[in-house]
Structure formats: structure tokens, C-alpha cells
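Okay, so here's the structure we're looking at.
Please treat every number below as a calculation from the coordinates, not as lab data. Source: prediction; values computed, not measured. When we count neighbours, we look across all protein chains shown, and the Cβ atoms used for this are built from the backbone with ideal geometry, even at glycine.
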């Protein structure tokens, strides 16, 4: 049996943009993606610490070192610039794999840098 377990997380990062007129997704600084072990196009859960919203979307790789965290499309209605969010990616694994697995967790500074 496979279980779903969190595999990577960007903890308390600041939303820099919200673009309602985009197709959809979240654009994330490429350095943050790499540090958290999240790839472009991967499904993520976004938890907004300011309003309690939880949404799911997929990632777009942003410019490395830019600090960009941009909610696109409908997700832009759930997060506004300045909100603090947690971005979580999950993976499927056996219980044995999950018990031995070490997730990657990133704690960005106030400028969304590692």
C-alpha cells in the first residue's frame, strides 16, 4: 500500500504578487523550489497563514534569486501580496519508505531568500 507523505516544504514565505489574469498556478523562485525538492509542474498545497485558505495548484519555476512568490489565476483571489504562506509538496511511498524518508524544509528570510 502507498501512503501520501509530505516531501518538501517552503515554510512562511511572503507572497510578492497576485496575477488574476493568468492561466493558473504559483510562480516560485527557482532557488526555493530546488532547496525544497519541488519541481516545475508539481502539484502543491498552499496554506495561507493570514486567512486560513488552503488551495492546490501546480508550480512554475521563477527567476532564481528573485524571491518571487506569485499566485496566478483563480488562486490570486485566495492570497494577496504580503500574505505569509506555506507551500507543501507531497509524494506517494510505502510505509517503510515514508518512515525512512527525510523531507526537505526551507525557512526563507523576510526577503524570500534562503
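Taking region 45-87 and a reference point 7 angstrom along Cα→Cβ of residue 20, the backbone N atoms nearer than 16 Å belong to 71-81. Estimated purely from DSSP H runs of n ≥ 4, each contributing -39500 (n - 2.57), the mean residue ellipticity at 222 nm for the chain is -2500 deg cm²/dmol once divided by its residues. Among 74, 36, 89, which one shows the highest mean-square fluctuation when the chain is modelled as a Gaussian network with alpha-carbon springs under 10 Å? Taking springs between Cα atoms under 10 Å, the residue moving most is 74. Each listed q (0.09 Å⁻¹) maps to a log10 I(q)/I(0) for the chain, found by the Debye formula over equal Cα scatterers with no solvent: -0.22.
So what does log10 I(q)/I(0) come out to for region 39-101 at q = 0.17, 0.29 Å⁻¹, using the Debye formula with one equal point on every Cα and no solvent? These q points yield log10 I(q)/I(0) values of -0.67, -1.33. Per-residue packing, averaged as other Cβ atoms within 10 Å, sorts the ranges 17-23, 28-34, 43-49, 53-59 into the order 28-34, 43-49, 53-59, 17-23, beginning with the highest. Taking all Cα pairs closer than 8 Å and separated by 6 or more residues, the relative contact order of region 2-106 comes to 48 percent.
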